[in-house]
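Student: My questions all concern the structure below.
The values are calculated or read from the model by the stated rules, or taken from the named source; none is laboratory data. All values reported here derive from a predicted model rather than from experimental measurement. Please note: Cβ atoms are built from the backbone with ideal geometry, for glycine as well, and neighbour counts cover all protein chains shown. In case anyone asks, the SASA skips ligands and DNA or RNA and just uses the protein heavy atoms, side chains included. Shrake-Rupley method; radii C 1.70, N 1.55, O 1.52, S 1.80 Å.
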Amino acid sequence: MVQIDLGQVSVRDANEQIRKWGAEGEDIEVLNPDARHHIGVGLIHPVRVHIKGSAGYFCAGLADQARFEIDNNVGWGLGDNMYAGTVTVRGNAGAIAGVAIRGAEIVVHGNVGSRAGQVMKAGTLCCVGNANFMAGYMMYGGRIIILGESGERVGEDMAAGDIFVGGAVRSLGSDAQLTDIEETEVDDIRAFLDRHEIAYKGGFQKIVNAGKRLRYATSEQQVRSIPFFTFSGTSDYWNPKVQEDVYIKSQIGRYRVRGYGGARTLPHLSDLAFKRDLSSAGTAGDPVAAVEMYTEIGGLNGARPLKLSMPVMIAPMSYGALSRSTKQAVGMASSMAGIAENTGEGGMSDAQRGAAEQLVFQCLGGRLGWNIHDMNRADGLEIYISQGAKPGFGGQLMAKKVTKELATIRGIPEGIDLRSPSRHPDILGADDLVIKVEEFREATGYCIPVSVKLGAGRVRDDIKIAYKDGFDFVELDGMQGSTGAGGAEVMEHVGVPTLAAITQAMAALGEVEGLGKMEVVLMGGVRDGIDAVKGLCLGANAVAMGTAVIIAGGCIACMQCHVGQCVTGIATQDPQHERRYNPVAEARNIHRYLEGVRWQIAALTQALGYGSTTQLCRDDLVALTRDAAEMTGLPYAPEYRERELALRGRVG
Amino acid sequence: MCGIAGVMFKHGSTGLGTGQALIDMLDGCQHRGPDSTGFALYEDVEPGKLRLRFLVEEENGASDGVGHNSGVEAAIADIRTTLEDHGAEIVEDEHVGNSYRVVVRFSGDVQKLTYDMEHAATLISIGESLDIRKDVGGAHDVDDVFHVREVQGTHGLGHVRLATESEVKPEAAHPFWATGFTDIAIVHNGQITNYWKMRRRLERRGFEFHTDNDSELIAVYLADKLANEVPLEDALKTSIDDLDGTFSFLVSTKDEIGYAKDHLAAKPMIMYENDDLIAIASEEVSLNRLFPGRALDTREPPPGSYGTWSRLT
């Protein structure tokens, strides 16, 4: 047994030592913890950690197999996302004790704060005292045992799992109900209590999901396929999309959830043009050889940066929205092109990890598939706050796509219309966020860059928060981004266009002296190398492409991603449909496309008179429409339109 | 977006002073708000006199709109003239850091005086016992300028701030005073979502606001109740239903300290009490700064709760 005195060493050093001793199988005693945060996070060895006093936020967070014992109280997020292992707390726990656990046994001898067991998937959380408000909020599985009172709204929006309450049930949450308790369940609980030396002889009431809100009453079927250019039409009034919307709503009696992005015409990168005459672009030898495009992203605070052969990344898209083969193809293409791929929501598969040389791992509020082992093998971590196509909403995955396999990875019940939580249990403001970022760094030893994905909304404020909270880079997602499934009205009418987003982000970063320090990756409707160069001119350090990559890999843009019966085998989990997809061939197609993007970026950069993409600047651009000029602050110069069209004809 | 702290020594402070206690607690949660730090300190030093503190180092001078904004000296001259015009007798004054501190003898209408003063300069604190000291930077930065640690005091509040929607400026730092009232300070973590509705309701009744910060609203809301002889505890109780949003806040008056927490409990708060003191903070790590190496028997207030403590001496 070794002792670590937090009166003498920092938490960061202590965690390094804890991991080191843990790997050697040595038990650890932590002295003078004084309620400091992040003690023991990311410990993945079966050793005992005895904390002699109170611990702060995220004690035992992101741990696996370890056994923690805390003599006094703990702060928020006890055992966050813990896999196997045990935690015993002798005092009280703050809010969200046992948040997102996937197998651990957690016992709190005092009271637990609000939202205990939020989004937990498996394992047991036991509170010997009283629980507070909304215990079991949005839980997907596992067991909560509360020996005292339940608090208000217990089981609020739980999808699965069981809550057993010994004391009074103050009130039931939405879609929760009382049910009969089996004798064997009581025996199991007694055995658990005996094992943890808890004397309790009283009875229990059992609370489960009431089954009223897990699925939409009527699902939305594919009716006919309208090509995107028809779909987006020229008229906002009675184009085919509007007709389709009306028809579908007449069948389902609610708002639509569909795939792809908004179809409204909004000011975009195509409303900008280059000031300089670029008719010579690509004519002076091989531009790719002549222009420096290598870009590093995420090294701001000393982590290992992503190394991109050009300022392009793959935008986050989930295994779930997309098939396993598609994620594999995109990963392979990213490796061939020397850029980075992103898992999106829903976990990291071995196939994905194997295919992509550089992979960013995305963390959403539901913590679906999030875990310490995949964090450790990621090249970047990303906290999803929101998405350009549907800011303020979580992911949506219709029941057809929530197969057994997918549900297992995510730790959720099979066959539900999954509406992932729109906010994180532990990020309710910039102040909490900074503690979360620190947890990820502590758990992974400060070597993996941590980014934030911001769906453009309150860009000015949010980008400053991202900078102040110490993120290594931002993925900024404009309204023209797409999604596998989203409310149609939201996609059309909520959000901030990509042009406005990047302009506001740069202005805000300037105000806090963060320009040139924290990198910004721009996405949301970046279609090709011309768009990419314009994004870079506006200040982005790189761009990320999603829809374009999917189309390069065989998508026919039928707008039915949500249905789950994608004819190309891309947006489906049905093996029959997926069989049509050839990942190796599509990876080559995507790669060829990305090489085309590379050539375009190089040719334009060279024709603008630069030797490196870092030299691109705002002064290279003008706006072709008044709206685009308003949004970007660029000079309004419609006379450049023909030149822009000619450029697209030449290098497009 | 911030961290808050409050402490009251029930029998007056012995040993550890109010200033030092708050510095320690705020330093413990500075990660919640690195942009600015502020203290509301109560001490019985000038009985029968009023202590006022003004911000005098704003970018455009302290008195824009009046036409005398040519720097700090002019601002101070303005303040002195306005005070004298209202019959306040200046006993003591000092220009320190970003602020101008004045002690006056005054027996007139405080609300009228403060409203008029606010038209001349940015008044950030007024009271017989209260003194608010705040600036950009961390707890130790503010202490370096304002010597917070030297304040023995009886009780006080502190705040660290991460600016989200407003700029990083001293006047946007907490604590806030209740414009128009003496000896009332507030620190707040959260967001009042029915801000404009509540503000208009108070404005219709003649109250003035000098910032767009929702914390000022809470201060004025409570001060209004107190002025109508509603006990602080009852005012806190109604605040939980009248104010909408997610919030944890602390309030202090000459003799009391109190807290309120909204029904959703989205903002943290934890407290420790013994025979000598009550200490409240956003995180236990701040409370442990007062008692290093000890396992404290702390309590997290439930959602929708409130409470007050009074000085015993």
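Student: For residues that are part of a loop (DSSP other than H, G, I, E, B) and touching an Asp or Glu at 6+ places or on another chain (Cβ under 7 Å), scanning just region A:190-213, find the one that is farthest from A:TYR140 (Cα to Cα).
Tutor: A:LYS212
Student: Let me ask something else. May I ask you to list the residues in region A:616-652 that are assigned to a strand (DSSP E or B) and either among the small types (Gly, Ala, Ser) or in contact with a Gly (Cβ under 8 Å, 6 or more places away or on another chain) (or both)? So that I can check it myself, show each step before the final result.
Tutor: Let us first name the residues in region A:616-652 that are assigned to a strand (DSSP E or B), namely A:621-623, A:636.
Selection gives A:ALA623 alone.
Student: Can you tell me which residues in region A:85-110 are open to solvent by 20 Å² or more (accessible area, probe 1.4 Å), touching a Lys or Arg at 6+ places or on another chain (Cβ under 9 Å) and within 14 Å of chain B (Cβ to nearest Cβ)?
Tutor: Matches in region A:85-110: A:ASN92, A:HIS109.
Student: Please find, within region A:465-482, the residue that is farthest from the other protein chains (Cβ to nearest Cβ) out of those that are in a helix (DSSP H, G or I) and open to solvent by 10 Å² or more (accessible area, probe 1.4 Å).
Tutor: A:TYR467
Student: Sticking with this one: Go through the residues of region B:147-169 one by one and say whether even a single one is more than 24 Å from B:SER248 (Cβ to Cβ), touching a strand residue (DSSP E or B) at 6+ places or on another chain (Cβ under 8 Å), touching a residue at least 24 places away in the same chain (Cβ under 8 Å) and away from chain A (no Cβ under 14 Å).
Tutor: Yes, some residue in region B:147-169 is more than 24 Å from B:SER248 (Cβ to Cβ), touching a strand residue (DSSP E or B) at 6+ places or on another chain (Cβ under 8 Å), touching a residue at least 24 places away in the same chain (Cβ under 8 Å) and away from chain A (no Cβ under 14 Å).
Student: Considering only region B:103-161, how many residues are outside any strand (DSSP E or B) and over 18 Å from B:THR18 (Cα atoms)?
Tutor: Of region B:103-161, the ones outside any strand (DSSP E or B) are B:106-121, B:128-129, B:137-154.
Right, trim to over 18 Å from B:THR18 (Cα atoms) and you get B:106-121, B:137.
The total comes to 17.
Student: Show the residue pairs that are 6+ apart or on different chains and have beta-carbon atoms under 8 Å apart, the first residue being within region A:619-633 and closer than 17 Å to A:GLY478 by Cα, the second being among the aliphatic types (A, V, I, L, M) and in a helix (DSSP H, G or I).
Tutor: Here the result reads A:ALA628/A:LEU499; A:MET631/A:LEU499; A:MET631/A:ALA500; A:THR632/A:LEU499; A:THR632/A:ALA500, each pair linking region A:619-633 to a residue that is among the aliphatic types (A, V, I, L, M) and in a helix (DSSP H, G or I).
Conditions tested, residue by residue: (1) open to solvent by less than 20 Å² (accessible area, probe 1.4 Å); (2) at pLDDT below 95.
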position: A:SER334; (1), (2): yes, no
position: A:ILE339; (1), (2): yes, no
position: A:GLY346; (1), (2): yes, yes
position: A:GLN352; (1), (2): yes, yes
position: A:VAL360; (1), (2): yes, no
position: A:TRP370; (1), (2): yes, no
position: A:HIS373; (1), (2): no, no
position: A:ALA378; (1), (2): yes, no
position: A:GLU382; (1), (2): yes, no
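Student: Answer with yes or no whether B:GLY28 is within 14 Å of chain A (Cβ to nearest Cβ) and closer than 19 Å to B:ALA260 by Cβ. Write out each step before concluding.
Tutor: Working: within 14 Å of chain A (Cβ to nearest Cβ): yes; closer than 19 Å to B:ALA260 by Cβ: no.
In short, no.
Student: Further question on the same structure: Take the residues in region B:120-141 that are under 24 Å from A:LEU433 (Cβ atoms) and buried (at least 22 other Cβ atoms within 10 Å of the Cβ), then tell me which one is modelled with the lowest pLDDT.
Tutor: The qualifying residue modelled with the lowest pLDDT is B:LYS134.
Student: Continuing with the same structure: What tally of residues in region B:244-273 results from selecting those that are among the small types (Gly, Ala, Ser) and more than 14 Å from chain A (Cβ to nearest Cβ)?
Tutor: Final tally of qualifying residues: 3.
Student: With a cut-off of at least 2 residues that are open to solvent by 10 Å² or more (accessible area, probe 1.4 Å) and at pLDDT 95 or above, name the helices (runs of 4 or more DSSP H) lying wholly within region A:227-321.
Tutor: Helices (runs of 4 or more DSSP H) meeting the threshold: A:287-290.
Student: Looking at region A:67-83, which of the residues that are more than 10 Å from every other protein chain (Cβ to nearest Cβ) and not in a loop (DSSP other than H, G, I, E, B) is least open to solvent (accessible area, probe 1.4 Å)?
Tutor: A:PHE68
Student: Within region A:456-464, does at least one residue satisfy the condition of being among the β-branched types (Val, Ile, Thr), away from every other protein chain (no Cβ under 14 Å) and in a helix (DSSP H, G or I)?
Tutor: First pass over region A:456-464, keeping only residues among the β-branched types (Val, Ile, Thr): A:459, A:463.
In the following step, the residues that additionally are away from every other protein chain (no Cβ under 14 Å) were identified as none.
No: region A:456-464 contains no residue that is among the β-branched types (Val, Ile, Thr), away from every other protein chain (no Cβ under 14 Å) and in a helix (DSSP H, G or I).
Student: For region A:25-66, what are the residues that are free of Cβ contacts under 8 Å to residues at least 60 places away in the same chain, away from every other protein chain (no Cβ under 14 Å) and assigned to a loop (DSSP other than H, G, I, E, B)?
Tutor: A:GLY25, A:GLU26, A:ASP27, A:GLY40, A:LEU43, A:HIS45, A:PRO46, A:VAL47, A:ALA60, A:GLN65, A:ALA66
Student: Follow-up question, since we're still on this one. State which residue is nearest to the chain's Cα centre (by Cα) when the search covers only region A:483-521 and only residues that are within 23 Å of A:LEU308 (Cα to Cα) and open to solvent by 10 Å² or more (accessible area, probe 1.4 Å).
Tutor: Selected residue: A:GLU519.
Student: Can you say whether B:LYS237 is closer than 29 Å to B:THR193 by Cβ, basic (Lys, Arg) and more than 10 Å from every other protein chain (Cβ to nearest Cβ), as far as the supplied structure shows?
Tutor: Taking the combined requirement at face value, the residue satisfies it.
Student: Exactly one of (1) away from chain B (no Cβ under 14 Å); (2) free of Cβ contacts under 8 Å to residues at least 40 places away in the same chain; (3) of a type in the set (S, T, N, Q) is unmet by A:SER114. Its number?
Tutor: (1)
Student: Any residue at all in region A:390-404 that is more than 14 Å from chain B (Cβ to nearest Cβ), open to solvent by less than 10 Å² (accessible area, probe 1.4 Å) and touching a helix residue (DSSP H, G or I) at 6+ places or on another chain (Cβ under 7 Å)?
Tutor: Yes, that holds for at least one residue.
Student: Out of all the residues in region A:445-455, which are open to solvent by 10 Å² or more (accessible area, probe 1.4 Å), touching a helix residue (DSSP H, G or I) at 6+ places or on another chain (Cβ under 6 Å) and away from chain B (no Cβ under 14 Å)?
Tutor: Of everything in region A:445-455, nothing turns out to be open to solvent by 10 Å² or more (accessible area, probe 1.4 Å), touching a helix residue (DSSP H, G or I) at 6+ places or on another chain (Cβ under 6 Å) and away from chain B (no Cβ under 14 Å).
Student: If you check A:VAL584, A:VAL563, which single one turns out to be at pLDDT below 95 and more than 23 Å from A:VAL291 (Cβ to Cβ)?
Tutor: It is A:VAL563.
Student: Let me ask something else. Which pairs do you get when a residue that is away from every other protein chain (no Cβ under 14 Å), found in region A:126-140, comes within reach of a residue that is assigned to a loop (DSSP other than H, G, I, E, B) and of a type in the set (S, T, N, Q), reach meaning Cβ atoms under 8 angstrom, with the pair 6+ apart or on two chains?
Tutor: A:GLY136/A:GLN118; A:MET138/A:GLN118; A:MET139/A:GLN118
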